[in-house]
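*Asks:* Take a look at this one; I'll ask things after.
No value in this document is a laboratory result; all are computed from the given coordinates. Keep in mind that this is a model prediction, so the values were computed, not measured. When we count neighbours, we look across all protein chains shown, and the Cβ atoms used for this are built from the backbone with ideal geometry, even at glycine.
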Amino acid sequence: MKVRRLLGLDTQAERYAYTVDPVAGFVSAQRASDRWVSTTCGYCSVGCGMFIGVKDGRAVSVRGNPDHPVNRGMLCPKGLSEHHTIAADGRARQPLLTSGGRRGRFTPIGWPQALETMAARFREVQATHGRGAVGVISTGQLVTEEFYALGKLVQLGLGTPNYDGNTTLCMSTAVSGYKRSFGSDGPPGAYEDLERADVIVLIGANIADNHPILCRRLDANPGATLIVVDPRVTKTAMMADVHLAIRPRSDLALLNGLIHIIIEHDLVDRDYINKHTVGFEALHDSVREYTPERVSEITGLGRDALHRTAALYASARAAFIGWTMGVNHSSKGTETVNAINNLALITGNIGRAGAAPFSITGQCNAMGTREAGGASCLPGYRQFDRAADRAEIAALWNVPVERIPAARGLAYPDIIEAALDRRIRALWIIGTNPIVSFPNLGVLQQALEGLDFLVVQDGFHPTPTSELAHLVLPAAVWGEKEGTYTNSERRVSKVNPAVKPPGDARSDFDIVLDLAAALGVRDELFPGWTTPRDAFEEWKRVSAGRLCDYAGMTYEAIEQHGGIQWPFPLGATDPEPSRRLYTDGRFPTEDGRARLIPVSWEPFPEQPSSSFPLVLNTGRTVEHWHTRTKTGNVPILEHLSPHAWVDMNPRDGRALGLKAQDRVDVVSQRGRVRDVELRLTETMAPGQVFVPFHYAEANANQITQSAFDPISREPNYKQSAVRVERTAR
Ligand SMILES: Nc1nc2c(c(=O)[nH]1)N[C@H]1C(S)=C(S)[C@@H](COP(=O)(O)OP(=O)(O)OC[C@H]3O[C@@H](n4cnc5c(=O)[nH]c(N)nc54)[C@H](O)[C@@H]3O)O[C@H]1N2
Ligand SMILES: Nc1nc2c(c(=O)[nH]1)N[C@H]1C(S)=C(S)[C@@H](COP(=O)(O)OP(=O)(O)OC[C@H]3O[C@@H](n4cnc5c(=O)[nH]c(N)nc54)[C@H](O)[C@@H]3O)O[C@H]1N2
Ligand code: SF4
Ligand SMILES: [Mo]
């Protein structure tokens with residue numbers, strides 16, 4: 001009973017008050033529903049299909065959709081408790097404006113005043129300091145229809161190119177890597193490949209915690225050999241046949257070393273290389289120095305393990321290689337992605353069932369903003385610097401081509417730097433919580449505090465970021481609005497509203513349209529638009545003929561098939577042919593061939609020193625979502641993982657005279673995470689520590705560094721030099 005209460009479960013009395021629900025069967029009376037609304041999970045990029053149970057206008061439960069091809073009825077703990085996020089405490093309910101210019105003291109106002117103030121302040125800043133002095137930072141958690149409308153408003157209405165999203169903290173490395181290797185963004189494989197591969201390599205991807213329902217695909221393929229590359233013994237590593245516990249950020253050396261062995265032993269697919277790639281000779285030259293001896297020194301792996309892994313991968317009938325943040329969160333991330341693609345290309349492991357270099361995405365709709373958002377590229381994966389692409393989008397939008405920017409504006413970290421030196425004066429932050437999630441908090445705080453006008457549009461308030469705003473716009477969240485999400489395998493699924501947003505909160509879509517009206521551009525940009533369906537219809541035309549072609553989709557067909565993978569061109573009826581990209585070996589480059597790109601390993605920035613001898617790794621746990629605005633409000637999840645901790649190898653603990661459960665600080669050159677629980681565990685290698693980044697009150701990003709991938713601009717979140725010391729009392 002005590003445990004049940006601790007976990008936030010029903011009390012005894014409530015537990016025995018059962019009722020029979022036509023869909024769910026026996027359920028506690030508390031969770032019985034009047035109706036079930038079909039939708040897609042709003043947390044991670046797996047994209048599970050589910051139903052929200054609604055009773056008396058409130059979301060009371062969630063069930064997996066047994067007919068959805070992604071999850072076949074299963075949900076992970078976050079999905080199963082997702083209805084709690086909607087009615088959580090701390091939802092933002094009214095627009096709030098600071099009074100007397102003092103931040104933190106808010107006065108509730110109406111929407112007309114909020115949007116007129118925002119339009120006036122943004123125009124004022126732009127008139128004085130130039131159009132680019134307004135910056136916009138969005139997210140991977142809106143619906144695609146919202147991203148499409150927002151991008152159009154920012155690029156054409158506000159006319160600032162300085163627009164980016166938290167996806168640069170996450171997926172931009174994979175995007176840059178795919179573009180360089182294949183000529184376009186777009187993960188080539190499908191989840192089904194996990195069931196059809198005979199060798200599966202996961203690099204820096206802890207799916208057991210972060211994409212739990214993908215693990216079911218591994219269960220369905222017991223014959224496959226699973227190789228996990230991660231410096232920690234993660235839950236995913238515990239499932240593996242082979243765990244390669246490499247030294248931090250030595251992946252690039254490992255991949256080059258595998259390519260070296262594969263070429264030396266002539267395990268390459270000559271035919272595929274000759275027909276579909278360029279650059280093999282240069283690649284061969286570049287990996288000559290990555291001998292097993294040298295790679296073994298860099299990675300800490302035995303030479304046997306290198307030879308065995310190379311042979312397993314290269315002689316597989318179909319090899320799948322998936323990666324997530326262990327690769328992307330690195331100042332060498334893009335090049336590591338290129339090395340992964342090189343490995344797949346020289347062995348012909350792409351475009352076939354089971355064979356793909358596959359970037360597992362993160363947020364529920366990280367893909368949607370890449371496709372339609374118009375931030376790092378123009379909608380439909382068109383490029384800013386390609387005249388033909390600009391002409392095409394200008395014609396589709398019916399505007400002079402001069403209004404389409406010819407270069408991408410500032411990326412997220414560069415927007416922050418521009419705010420710091422006051423080239424950017426006003427910022428609009430939508431659906432992201434940088435005070436917890438952006439690296440090197442001290443610098444960010446200074447940048448945000450120096451702004452003339454900060455707008456934060458969020459489903460929750462206060463958040464550590466919204467507290468700094470001049471204007472807070474309350475947004476509807478998952479469960480309250482309509483649109484589509486694209487999951488990691490390019491599957492576009494439907495999202496539907498089950499309940500009304502609280503108070504005056506409105507969908508991001510409605511906010512964008514009304515801000516456009518306040519700026520005087522609604523009729524030009526969004527003629528006759530009233531609902532997300534209007535955006536979807538225009539986006540279908542804009543995506544037609546592109547790799548991410550939606551033209552053949554309708555909301556109804558998406559619902560009917562449990563999501564449809566793109567490309568789905570006009571007239572398409574069968575979702576099967578779009579399961580994988582590049583099945584014919586043709587790539588969206590000028591000559592149709594993929595690029596083999598030589599890349600070289602470098603040690604990570606900020607190596608350990610005598611004052612900061614440990615390597616800090618940061619990441620996630622299954623119970624929590626990012627900055628916890630949502631999961632921190634779900635009792636069952638919050639009680640399972642209520643506070644931050646640091647994982648450390650027992651040998652390091654002994655050397656420091658520390659024991660399990662001691663309270664410690666984790667300190668870097670930039671700051672200090674105070675008073676967290678020490679956990680001593682063999683899952684960490686000596687010399688390394690791990691801290692989750694979910695906890696604002698013990699914010700890991702106080703100590704992470706400002707080092708970014710020069711190509712993708714993604715932060716190097718996974719390595720910083722730190723020390724651990726007992727908390728002073
Ligand atoms: N429960 C939960 N699920 C989530 C999220 C969440 O917040 N909570 N967030 C979602 C989002 S947006 C994302 S991007 C994904 C992220 O999903 P993951 O990438 O799986 O998550 P992380 O824990 O950030 O990092 C993955 C692993 O990288 C390893 N790593 C660190 N350094 C290195 C290295 O040098 N080399 C290698 N090979 N590995 C290294 C870490 O030890 C860690 O186990 O999860 C999504 N799913
Ligand atoms: N040290 C360290 N830092 C990291 C990482 C790491 O591994 N280590 N991971 C990085 C990665 S991969 C990511 S993706 C980022 C995530 O970092 P954030 O994007 O900052 O994390 P979230 O908590 O998901 O923030 C989303 C915000 O949007 C709000 N929200 C939710 N739904 C809606 C909606 O529909 N509309 C609006 N307007 N608001 C909404 C939520 O309340 C929340 O405040 O963190 C990055 N930071
Ligand atoms: S695996 Fe991801 S999409 Fe599926 S229920 Fe869990 S959080 Fe939601
Ligand atoms: Mo992410």
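*Asks:* Bins of 10 Å, beginning at zero and ending with the bin holding the largest distance: percent of Cα pairs per bin for segment 506-664, please.
*Replies:* Answer for segment 506-664: a P(r) of 7, 17, 17, 23, 21, 12, 3 percent.
*Asks:* Give a quick list of trypsin sites (Lys or Arg not before Pro) in segment 311-361 that DSSP marks as loop, anything other than H, G, I, E or B, with at most 16 other Cβ atoms within 10 Å. List each step's numbers first, then the result.
*Replies:* Working: sites: Arg317, Lys332, Arg352; in loops: Arg317, Lys332.
Qualifying residues, ordered by number: Arg317.
*Asks:* Mind giving me the nanometre distance, one decimal, between the label points for His129 and Asp591, set 7 Å out from Cα along Cα→Cβ?
*Replies:* A separation of 4.7 nm, rounded to one decimal place.
*Asks:* OK, next. Net charge within 12 Å of Glu606 by Cβ-Cβ distance, Lys/Arg positive one each and Asp/Glu negative one each, not counting Glu606 itself? Walk me through the intermediate numbers first.
*Replies:* Working: positive: Arg249, Arg670, Lys718; negative: none.
Value of the local net charge: +3.
*Asks:* Right, something else. Can you compute the charge dipole magnitude of the chain about its Cα centre, using +1 on each Lys and Arg Cβ and -1 on each Asp and Glu Cβ, nothing else charged? Give it in debye, rounded to the nearest 20. Mind showing how you got there, number by number?
*Replies:* On the way: 79 positive and 81 negative charges, 262 e Å.
Roughly 1260 debye for the chain.
*Asks:* Run the dipole for segment 614-726 about the Cα centre, Lys and Arg Cβ at +1, Asp and Glu Cβ at -1, nothing else charged, and hand back the magnitude in debye, nearest 20. Could the numbers behind the result be given before it?
*Replies:* On the way: 15 positive and 13 negative charges, 36 e Å.
That gives a dipole near 180 debye.
*Asks:* Specify which residue in the list Ala594, Trp566, Phe526 is farthest towards the positive end of the charge dipole of segment 503-596, using unit charges on the beta carbon of Lys, Arg (+1) and Asp, Glu (-1), about the Cα centre.
*Replies:* Checked the options; the winner is Ala594.
*Asks:* How long are the three semi-axes of the equivalent ellipsoid for segment 126-242, computed from the Cα gyration tensor as the root of 5 times each eigenvalue, in whole Å, largest first? Spell out each step's value before the answer.
*Replies:* Details: eigenvalues 308, 43, 36 Å².
Its equivalent ellipsoid spans semi-axes of 39, 15, 13 Å.
*Asks:* Give the residue list of GluC sites (Glu not before Pro) in segment 516-615 that are DSSP loop and have at most 16 other beta-carbon atoms within 10 angstrom. Don't skip to the end; give the middle numbers.
*Replies:* Numbers: sites: Glu524, Glu537, Glu538, Glu556, Glu559, Glu590, Glu606; in loops: Glu590, Glu606.
Here the sparse-neighbourhood loop sites are Glu590.
*Asks:* If the cut-off is a Cα-Cα distance under 19 Å, which aspartates and glutamates reach Lys179, setting aside same-chain residues fewer than 8 apart in sequence?
*Replies:* Asp164, Glu335, Glu371, Asp385, Asp389, Glu489, Asp549, Asp584, Glu590, Asp591, Asp709, Glu714
*Asks:* Could you point to the residue in Gly223, Gly373, Asn210 farthest towards the positive end of the chain's charge dipole, with +1 and -1 charges on the Cβ of Lys/Arg and Asp/Glu respectively?
*Replies:* Asn210
*Asks:* How many percent of Cα pairs in segment 628-690 exceed 16 Å? Provide the component values of the computation, followed by the final result.
*Replies:* Values: 1039 of 1953 pairs.
The answer is 53 percent, as a whole percent.
*Asks:* In whole Å, largest first, what are the principal axis extents of the Cα atoms in segment 406-542?
*Replies:* 41, 38, 37
*Asks:* Quick one: work out Rg over Rh on the C-alpha atoms of segment 343-452, Rh as Kirkwood radius.
*Replies:* On the way: Rg = 18.5 Å, Rh = 17.2 Å.
Rg/Rh for segment 343-452 comes to 1.08.
*Asks:* At a 10 Å Cβ-Cβ cut-off, how would you order His694, His260, fewest neighbours first? Kindly include the intermediate steps, with their values, before the conclusion.
*Replies:* Details: His694 25, His260 22.
Exposure proxy ranking, most exposed first: His260, His694.
*Asks:* Would you please give the residues with an amide H less than 5 Å from that of Phe568, counting only those at least 5 places away or on a separate chain, with H modeled from the backbone geometry?
*Replies:* Asp549, Tyr550, Ala551, Gly552
*Asks:* Around Met171, under 11 Å between beta carbons, what's the net of Lys plus Arg minus Asp minus Glu among the other residues? Please list the in-between numbers first.
*Replies:* Values: positive: Arg370; negative: Asp185, Glu714.
Result for the local shell: -1.
*Asks:* Then there is this: Translational diffusion coefficient, Stokes-Einstein: compute it for the chain using the Kirkwood radius over C-alpha pairs as Rh, at 10 °C and 1.306 mPa s, and state it as an integer in µm² s⁻¹. Please list the in-between numbers first.
*Replies:* Values: Rh = 26.2 Å.
In µm²/s, the coefficient is 61.
*Asks:* Mind ranking 303-310, 60-67 by how tightly packed they are, going by the mean number of other C-beta atoms within 10 angstrom, highest first?
*Replies:* On the way: 303-310: 17.6, 60-67: 19.8.
Answer by packing, highest mean first, reads 60-67, 303-310.
*Asks:* So, one more: Can you give the net charge of the other residues whose Cβ lies under 14 Å from the Cβ of Pro439, counting K and R as +1 and D and E as -1? Walk me through the numbers on the way to the answer.
*Replies:* On the way: positive: Arg670, Arg713, Lys718; negative: Asp414, Glu417, Glu606, Asp709, Glu714.
Every neighbour counted, the sum reads -2.
*Asks:* On the Cα set of segment 172-359, report Rg and Dmax in Å, please.
*Replies:* My reading of the Cα-based Rg and Dmax gives 14.9, 41 Å.
*Asks:* Note down the magnitude of the dipole of segment 172-359 about its Cα centre, charges +1 on Lys and Arg C-beta and -1 on Asp and Glu C-beta and zero elsewhere, to the nearest 20 debye.
*Replies:* Numbers: 18 positive and 21 negative charges, 60 e Å.
Its charge dipole is roughly 280 debye.
*Asks:* What Kirkwood hydrodynamic radius do you get for segment 269-342 when you take the inverse of the mean 1/r over all pairs of distinct Cα atoms, in Å?
*Replies:* Details: mean 1/r = 0.0700 Å⁻¹.
Hydrodynamic radius (Kirkwood, Cα pairs) of segment 269-342 is 14.3 Å.
*Asks:* Nearest 5 percent is fine: what portion of the DSSP beta bridges confined to the chain is antiparallel?
*Replies:* Values: 45 of 90 bridges.
The antiparallel fraction comes to roughly 50 percent.
*Asks:* Let me ask something else. Answer with one residue from Ala149, Thr139, Met118: the one whose Cα lies farthest towards the positive end of the charge dipole of segment 57-161, charges on Cβ with Lys, Arg +1 and Asp, Glu -1.
*Replies:* Working it through, the farthest residue towards the positive pole turns out to be Met118.
*Asks:* Something else: Which ordering of Arg723, Arg541 is given by a fewest-first count of other beta-carbon atoms within 10 Å?
*Replies:* Numbers: Arg723 19, Arg541 13.
Ranked by crowding around the Cβ, least crowded first: Arg541, Arg723.
*Asks:* From Cα coordinates alone, what are the radius of gyration and Dmax values for segment 614-726 in angstrom?
*Replies:* In Å, with Rg to one decimal and Dmax whole: 14.2, 42.
*Asks:* So, one more: Listed highest first by mean packing, meaning other Cβ atoms within 10 Å per residue, what order do 365-372, 631-638 come in?
*Replies:* 365-372, 631-638
*Asks:* Still on this structure, I have one more. For a footprinting-style exposure proxy, rank Lys659, Lys152, Lys494 by other Cβ within 10 Å, fewest first.
*Replies:* Lys659, Lys494, Lys152
*Asks:* Right, something else. Go through Lys494/Lys540; Lys78/Lys500; Lys481/Lys630; Lys78/Lys235; Lys500/Lys630 and tell me which ones have a Cα-Cα distance over 19 Å in this structure. Walk me through the numbers before you get to the answer.
*Replies:* Numbers: Lys494/Lys540 15 Å; Lys78/Lys500 21 Å; Lys481/Lys630 16 Å; Lys78/Lys235 17 Å; Lys500/Lys630 17 Å.
The answer is Lys78/Lys500.
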